[in-house]
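Worksheet for the structure shown next.
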Amino acid sequence: MLKIDRLKVRYGGIEAVKGISFQVPERQIVTLIGANGAGKSTTLRTIAGLIKPAEGHIYLQEEDITGLTPDRIVSKGITLVPEGRHVFPDLTVLENLKIGAYLRKDDLSEDLKWVYDLFPRLKERSWQAAGTLSGGEQQMLAVGRALMSRPKIIMMDEPSLGLAPLVVKGIFEIIKEIHAQGVTVLLIEQNANMALHTADLGYVLETGKITLSGSGRELLANEAVKKAYLGS
Amino acid sequence: MLEKKSNKTAWLGFGFAAALLALVVLLENLTLFLPAAALPKQLLPTSMLFTVLKKGAVYSLVAVSMNLLNGFTGLFSLGQAGFMLLGAYTYAILTVPADVRDSVYYLYGGSAVKFSLQGIFASFLGSEGPGGAVSLFLGVLLGLILAGCVAALFAWLIGLPVLRLKSDYLAIATLGFAEILRAVFQWQALGPVTNGANMIKSFPTFSSFNVKVGGKVVLYLSTFVPFLVAIVCITIIVLLINSSYGRAFKAIREDEIAAEAMGINLARHKLLSFCISAFFAGVGGALFAMYANNAQAMVYTSTMTYEILLIVVIGGIGSISGSCIATFFYVACSEWWLRFLDQEIVLKNGFKVPFLRNGFRMVVFSVVIMIVVLFFRKGLMGDKELPDLFRRRRRKETTAK
C-alpha cells in the first residue's frame, strides 16, 4: 500500500536517512525499530510531508506522493501521531478531535462515535481541556484525533513514550483493535519487544539504513535483534 | 443537546447586542424627552460619557481584531496602528465630499481623487432628503468596507514574507512596517492623495448621522453608529472563531507541529488570520478617523498599538468579551475618570495637593498596568468569555445540590 523507494533525508549536510526502501502492505501492522538517532522519526516525518526528502520516492497505492505538503498527504489518507503526543492543551477533548477531522467537510458524528467507542475514557472527558488529561489519556486522544481524519494508514511515533507499563499494554491493545477494524498501522518504537509481538512485519533501522527485515516473529527470534534491542 | 446549548448562547448574544444598542440610543436621546435641567450633566450630549462610548466602541473593535491574531492564532504582531492608518486614510480619501476637496487639499492645489463615495450614490439617489441619507449611509458603508479591504491587501503583501518569522521577530517586523507606513503617508510627493503631513477632514463623521430637521437634531445616532459597526464586526469575528477556521487558528497557537500533522496548512492559515485581523483593524481605523473628525498619520504611532496591546492584555489574551470590557474600562479611565490627576488642585487653605500636574495620569496608569501584569497575569477574563462565567456558577450550584 505504502512503498518507500531509496529515500534519503538530509538535515543541513548531515544525512539522517541514507536511502532506505521498505513497504507497508495493506491491513498490516508494520514496525520500524532501532536505537535513538537511527532515523525512525525522520522517516515518519518525511512520509507525513513535514520534511522534504533529498532523494527517493514515496508511493501510496502506486501514486507518487513525494514532496507533497502535509495537508495534501493527510487528505490522501496518511496521518501521523506525533512523538510526545502533542495534543492541544487548552482546547477541549472534543475540539481536539474535531481538529483531527479538519480537512473533512462531511458529517463527523459517526467518526466521533467510533473514536468514543474505542476510547470510552475520552467520551467521559470530552469537555475537559486536553492539557488536564493524564499521559495515557493524552496518548489516546492523540490517536483518536489522528483517526478522525479517517486515515488509510496511521503512523505512530513512539506511542509508549513516557507511559507506565500497564498503560503501554493498553495502547498496544488499541493498536491491535484499530488494525482489526481495517486501518493499516506503521509504528515506530523503542519498546522493540512490544512492537515486534504486535507487528506483522518489522524492519530494523541502524544509523539511517535498514539492516534487517522480516515478520515480527522472525525478528524476535533473531540473535542480533535479541542482543541489540531485546536485552537478552 | 450540544447544538441546542450553542443555539441558546447565540440567541443570548444577539439579545444582549440588541439590548446594548437600544440602551445606547435611549441614553443618547434622553435630552429629547427630558428638559436639559432635569438631567445630570453626565448625560448631556456634550458629556464625556459619549466620547468614551464612541472611542470605546472603536477601540474594542481594534482590540478584538488584535486579539484574533495575538490571542487566538498566537502570532505576536504589533502592526495594528499601521493597518488602522491604512483604513483611516482609505476612508477619508474616498469620502471627502467633492465640493470641499479643494479647500481640504488647498496646499497641493486640489485633490487627485475627484469623487466621493457618497457623491456617487447621491448622483442617482439624489442628495436631498431620504435619498441623501441613503447615499450617505451607502457611501460610508462602502468606505468602511474598502478601508478594511485595503488594510487586508497590505497585510497579505507583507504577510507573505513576514509571517515566516516567529514571536519577537514578527513583532519587530510588523512594528517597523507600521512606522514605515506612517512616514510614507506624510510624504510630500503623495500630497495630492494623502494631503502630506496635514490632516484630511470634512468627511462624514459620526455626527453626520444625527437626524436633523430644520437645523435641529431630532434623533441622535452619533454613538449608535460606532456601536452598530463594532457589534456587527465583533459578531463576525466571534462566529469565525467558533467555526472550524477558528479551531484551526487555536490549534496553530497551541502546537504548530501537531497542527501541521493534522493537515492544517500553517502558512495559509496564518496569512488568513493576519489578513482578517488587518481587515477589522482597517475598519477600526476608519471608525477612529470618524471619531476624531480627521485623519492624520502622526496619530497612528506605535504608542497607539501599545495602548491596544495593553487593552488586550488587561482583558485577557484569548477572550473577546475581556477585550471589550477592558477597552471601555481603559478608555473611560484615560479619557475621563483619571483626568483630574492632570490638573493642579489647590485647596481653600492654600494647600496644593502633591503630585497632581500635567502627565501624572500616565504615571498612575503605569502603576495600574504593573499591578495587572504582576498579580493578574491572565487579565480580567483569562481566556474565558462572559457566558462561561455564568455557566461555571450554574454547574457549581448543581453540584452543591
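Quick notes
- Matching helices (runs of 4 or more DSSP H) fully within the stretch B:241-345 where at least 1 residues are crowded, with 24+ Cβ neighbours inside 10 Å, aliphatic (A, V, I, L, M) and more than 14 Å from every other protein chain (Cβ to nearest Cβ): B:266-292, B:302-315, B:320-332
- Scan the stretch A:84-117 for residues that are facing another protein chain (nearest Cβ under 8 Å) and part of a helix (DSSP H, G or I) and the total you get is 4.
- For the stretch B:192-212, a tally of residues being farther than 15 Å from residue B:297 by Cβ and within 23 Å of the chain's Cα centre (by Cα) returns 9.
- Hey, residue B:171 surrounded by 20 or more Cβ atoms within 10 Å (Cβ to Cβ) and in contact (Cβ under 8 Å) with a residue 40 or more places away in the chain or not: no
- Candidate set from the stretch B:237-250 (those that are of a type in the set (A, V, I, L, M, F, W, C) and without any contact (Cβ under 8 Å) to a residue 40 or more places away in the chain); member that is nearest to residue A:91 (Cα to Cα): B:248
- The set of residues in the stretch A:36-52 that are over 23 Å from residue A:138 (Cα atoms), more than 14 Å from chain B (Cβ to nearest Cβ) and touching a strand residue (DSSP E or B) at 6+ places or on another chain (Cβ under 7 Å) comprises A:38, A:39, A:43.
- Of the residues screened, residue A:161 is one that is over 21 Å from residue A:2 (Cβ atoms), outside any helix (DSSP H, G or I) and not acidic (Asp, Glu).
- Here residue A:131 does not fit the description of being of a type outside the set (A, V, I, L, M, F, W, C), in a helix (DSSP H, G or I), surrounded by 17 or more Cβ atoms within 10 Å (Cβ to Cβ) and on the phi < 0 side of the Ramachandran plot.
- Some residue of the stretch B:48-64 being surrounded by fewer than 24 Cβ atoms within 10 Å (Cβ to Cβ), aromatic (Phe, Trp, Tyr) and outside any loop (DSSP other than H, G, I, E, B): yes
- Within the span defined as the stretch B:147-154, one or more residues are closer than 30 Å to residue B:219 by Cβ, in contact with a helix residue (DSSP H, G or I) (Cβ under 6 Å, 6 or more places away or on another chain) and in contact (Cβ under 8 Å) with a residue 24 or more places away in the chain.
- Cβ pairs under 7 Å, 6+ apart, first in the stretch A:39-60 and under 11 Å from residue B:261 (Cβ atoms), second assigned to a loop (DSSP other than H, G, I, E, B) and not aliphatic (A, V, I, L, M): A:49/A:69
- In the stretch A:143-171, the qualifying residues are those that are out of contact with any strand residue (DSSP E or B) (no Cβ under 8 Å at 6 or more places or on another chain), of a type outside the set (A, V, I, L, M) and surrounded by fewer than 20 Cβ atoms within 10 Å (Cβ to Cβ), and the one that is modelled with the lowest pLDDT is A:162.
- For the stretch A:53-83, filtered to residues that are within 13 Å of chain B (Cβ to nearest Cβ) and part of a loop (DSSP other than H, G, I, E, B), the residue that is farthest from residue B:269 (Cα to Cα) is A:83.
The values are calculated or read from the model by the stated rules, or taken from the named source; none is laboratory data. Note that the coordinates shown come from a computational prediction; the quantities given were computed from them, not determined experimentally. Because the Cβ atoms are built from the backbone with ideal geometry, glycine has one as well, and the counts that use them run over all protein chains shown.
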